[in-house]
Structures are given as structure tokens and as C-alpha cells.
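Just so you know, all these numbers are worked out from the coordinates, no wet-lab data involved. Keep in mind that this is a model prediction, so the values were computed, not measured. With ideal geometry, Cβ positions are generated from the backbone for all residues, glycine too; neighbour counts draw on all protein chains shown.
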Amino acid sequence: MNIRLMNCQNREFLYALYSRIFMIEANEELLELIESEDIKEFFPNMADWEIYKTLPREQIINEHLNVDFTDISLLHLVPYETFYIREDAMIESGGDNSVIAFYERFEFVVEKDKARIVSPDHIAVEMEFLYKLISAEKDALNDGNEKIADELRDLQIEFLEKHLLKWAPLYFINVKNEAQTPFYHDSAMTALDFILGDYEYLKESLKD
């Protein structure tokens, strides 16, 4: 397996992981995932969280993680691009939202009811879109179509520059500062490091 294909697999997984974390509340399946050896490093403070070491999982999820999720995504913080980039700080869920046109170019459909979001520029949806683009790039590489793979890589760079990087760093910094649990603190901290590093990786790949 070549390095680019391997990187696609790693990037695809991480965008899917962070999309899942910030899309809906935690559950036992998610906790089991982050306990795997390959994932633990992205949650460095979880091991020292006394609640995590002593309480049953169901109690951790219902009384701590999901309370925190509600605070960072519904009550105290706003995980939508237009809130950060519009002067009036309003969430634009209609046709004036520029991210929709970007999705339509790739025929990416946002199931707002399923995800329980009010607008397609939600942090988790934008990360899911990048996951889909990387998955398509990986498929193109497996098919030997490097031209299509390069076009999909360029689309990822464009989307990061025009959308995610314009506001996600500020949102993740806010989550890192406001989170009451190590899980969401770590998730925001490592997600921020990841998207910034991923952009640098993609820009460097253009020089190859």
C-alpha cells in the first residue's frame, strides 16, 4: 500500500470519528471505540478522570458526557459556521448558506432530521463531508485513477480554506475551554490539531 493511500485511510477514519463525536450524544459503542489502543492517544486526559474509572458506563454517559454534549452543542456554544462568519451571528439554514452549494457539487445530501441539526453547516456535517471526499479519493487511488484522486484532494483543500478552517478552530477552542469532561476537552483539542495538521499535509502534497 502506498503512503498516500495509507494516509487517506487514517484521515478518513479521523474525520469520521470527530464527526460522530460532535454529531450526537455519546453511547457505549463510542466509549468502547475510544478505549481501543489505536485511539487512546487522542484522549490523553480520560485515563486520569476519576469518574471514568469508578462509575458505571451508563451513569458516565447519561449524567456527565451527554450533559456536557448538550452544553457545547445546544445551550452554551453554537456549532454552526454561519453563526461565526455572519455579522449578525444568525444561523443560515436556507439557500444563502454557501456550504450547501459546495455539497451539491458532490451530490452530498444532509439528513438534518436524522442528525438532529438545524443547518447543514454544522461542525459534524462539515467533517462528515470531508470524510466522504477522502473516501472517494481513496477509491480513485484504488482504481488507479490518480487524476480524479488529485481533483478530490484539491476539493478538500478548497473546502477547508473556504469553510471549515474559517471557523472550526474558534469553535474547538471554545469547546476546549468550556467542556466539563475530559472527553470533550480532549476531543476539541485533538480535533483542532488534526484539521490544522491535515491542511498542512494537503498543501505539502501539492509539491510532490
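At a glance:
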{"item": "Taking the chain and dividing mean pair separation by its residue count, relative contact order in percent (alpha carbons under 8 Å, at least six apart)", "result": "30"}
{"item": "Label-point separation, E63 to E161 (7 Å along Cα→Cβ), nm", "result": "5.0"}
{"item": "Share of Cα-Cα pairs in segment 75-132 lying beyond 18 Å, as whole percent", "result": "28"}
{"item": "Exposure proxy order (Cβ contacts within 10 Å, fewest to most) of Y184, Y131", "result": "Y131, Y184"}
{"item": "Nearest-20 debye value, segment 154-208 charge dipole, Cβ charges on Lys, Arg, Asp, Glu", "result": "200"}
{"item": "Charged-residue dipole, Cβ positions (Lys, Arg, Asp, Glu), segment 31-167 about Cα centre, Debye nearest 20", "result": "180"}
{"item": "Helical segments meeting 18 Å axial Cα length and Kyte-Doolittle -0.5 threshold in the chain (DSSP H)", "result": "3-23, 123-142, 165-178, 182-205"}
{"item": "Under 17 Å from the D143 label point (7 Å along Cα→beta-carbon), backbone N, segment 99-127", "result": "106-108"}
{"item": "Sequence-distant lysines (8 or more away, or on other chains) whose Cα lies within less than 23 Å of K112", "result": "K132, K162, K166"}
{"item": "Label-point separation, E41 to Y201 (7 Å along Cα→Cβ), nm", "result": "1.2"}
{"item": "For Cα extents along the principal axes in Å, calculated from these coordinates, the label among [x] 48, 41, 36; [y] 50, 31, 29; [z] 52, 45, 27", "result": "[z]"}
{"item": "Cα gyration tensor category, rounded, prolate or oblate, for segment 13-80 with a/c compared to 1.5", "result": "oblate"}
